[in-house]
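See below for the structure under consideration.
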Amino acid sequence: MPIEGEFPNNSYVVPLDNTLSNSHEVQKQSYFDNSNITDSENNLFHIRQEVSDEYAEPHEKPWIIGYSGGKDSTLVLHLVIEHLVSLPRSERVRPIHVVANDTLVESPLVMAHVKSVLNEIKKAVLAFDLPIVVNITSPDIDQTFWVNLIGRGYPTPNRNFRWCTDRMKIRPTSTYIREQAKISGEVILLLGVRRNESRARAASAAKYDNGSRLNQHNSLPGCYVFRPILELETEDVWEFLALNKPPWGGSHQRLIQLYREAGGGECPVVTSLQDAPSCGTTSSRFGCWTCTVVEKDKSLTGFVDSGFEQFLPLLNFRDWLIEIRNEPERRLARRRNGRVTITNKGIFVPGPFNMSTRHEILDRLLDLQSQSKMDLIQQTEIDRIRELWVEDVIVSAERNLKVQRSLGVNVNHA
Ligand code: SF4
């Protein structure tokens, strides 16, 4: 086992400094030499081989790497960029998109880490002349957490009404993939999925097991899925990240520290609801700071326990959102479509938050934003929320008018 500062036999180090402008100058130790290596290194050897073989396929379908900031997608990113850097420029023919998604309510420390890594990669792209573009997707302003919660009055998401994952994660990433597939004909999506991450991930992974390296995505036409680290064990991932410096410079120590501080798992890149079972569960601790799908938040609590006390007010705000969710006096009787819902069992299902509660949530959120000095809501979201309020008032007035007319009330006031 190498000591800190050294590297396993089958790895290499790419110093990112001004002196390095050509891949041939990379310090490289026999990329495919697998003599005298451990099981873990052997696994990595085969993964590197797969990445290399797939990249060398005789077509130019772009690769899209879904980067969540977590350990697994970091490893995929590391291996791909490492491979690109090892190639002569003439062989770096396949364009690669590195895509992260910002739900706009991400855990602040995680998002800061994601942005910092993406900036490092952008520098590496220039330094090494790599065919990589870096992008951050985010939900349509009309579909953000705050616009739906405060603007439309949707009750905070829970296990039965998890309206957030599709709008805030799946749609932005899927739209990006569809656009690229339209431009290029077909694309290959690289995911850091591992079978042993959880039972749910194993079940999700099994859906794509067609025996070949690439699998057609089950809901995105023209998109193939490549999961290079599918069979890797968790300890192999950590060992690799601990012992290898990223090809874009720096180290993976900040990532390792983040996991320690958050105390656990991650919210992976998701492109379908089947991929998303861990989003908003107790095993996912890197998700949105507002996540009310989990009974007890793990990520913010982990950070607060690790000394980031500035997040305590956010944690309290999120807990308050859960508290008020089912208070009957805060909810309208009718749903947004005007219907009153009573289930087959005779249970009344209340509608969205009423206007005064929506105003109260926005006021409290703006207070929290100014006290915490963190960007918690964007002005464009506030503008859209106000538009929705006006629309709701008009719809509600028209609905009342209609009811009064149907009851024969004279409503033609001067
Ligand atoms: S982390 Fe929670 S709030 Fe965010 S998308 Fe997933 S389930 Fe929804």
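The numbers here are math on the coordinates, done by the rules we state, and not lab data. Note that the coordinates shown come from a computational prediction; the quantities given were computed from them, not determined experimentally. FYI the Cβ positions are ideal-geometry reconstructions off the backbone, even for glycines, and counts take in every protein chain you see.
Please report how far the C-alpha centroid of region 163-191 lies from that of region 309-382, rounded to the nearest whole angstrom. Measuring centre to centre over Cα atoms gives 29 Å. Computed from label points 7 Å out along Cα-Cβ, the spacing between N196 and S396 is 5.5 nm. Taking amide H atoms as placed 1.01 Å from N in the peptide plane, the amide H of V225 lies under 5 Å from those of L189, N215, Q216, H217, each 5 or more residues away in sequence or on another chain. Of the chymotrypsin sites (Phe, Trp or Tyr not before Pro) found in region 131-172, the ones in coil according to DSSP and having at most 16 other Cβ atoms within 10 Å of their Cβ are F161.
Among S68, S212, S116, which comes first, then next, by fewest other beta-carbon atoms within 10 Å?
So the ranking, lowest neighbour count to highest, is S212, S116, S68.
Where does each of V147, V304 land when they are ranked from fewest to most other beta-carbon atoms within 10 angstrom?
Details: V147 26, V304 18.
Ascending Cβ contact count within 10 Å gives the list V304, V147.
Note on R254 and I183: the model spin-label points, each 7 Å out from Cα along the C-beta direction, lie 2.7 nm apart. Net length available on complete extension from N354 to I324 is 9.6 nm, with 0.36 nm assigned per residue and the Cα-Cα distance removed. With θ taken as phi - 60° and the Karplus curve 6.51 cos²θ - 1.76 cosθ + 1.60 applied, the whole-hertz 3J(HN,Hα) list for region 101-109 is 10, 10, 5, 6, 10, 5, 4, x, 5 Hz, x standing for glycine and proline.
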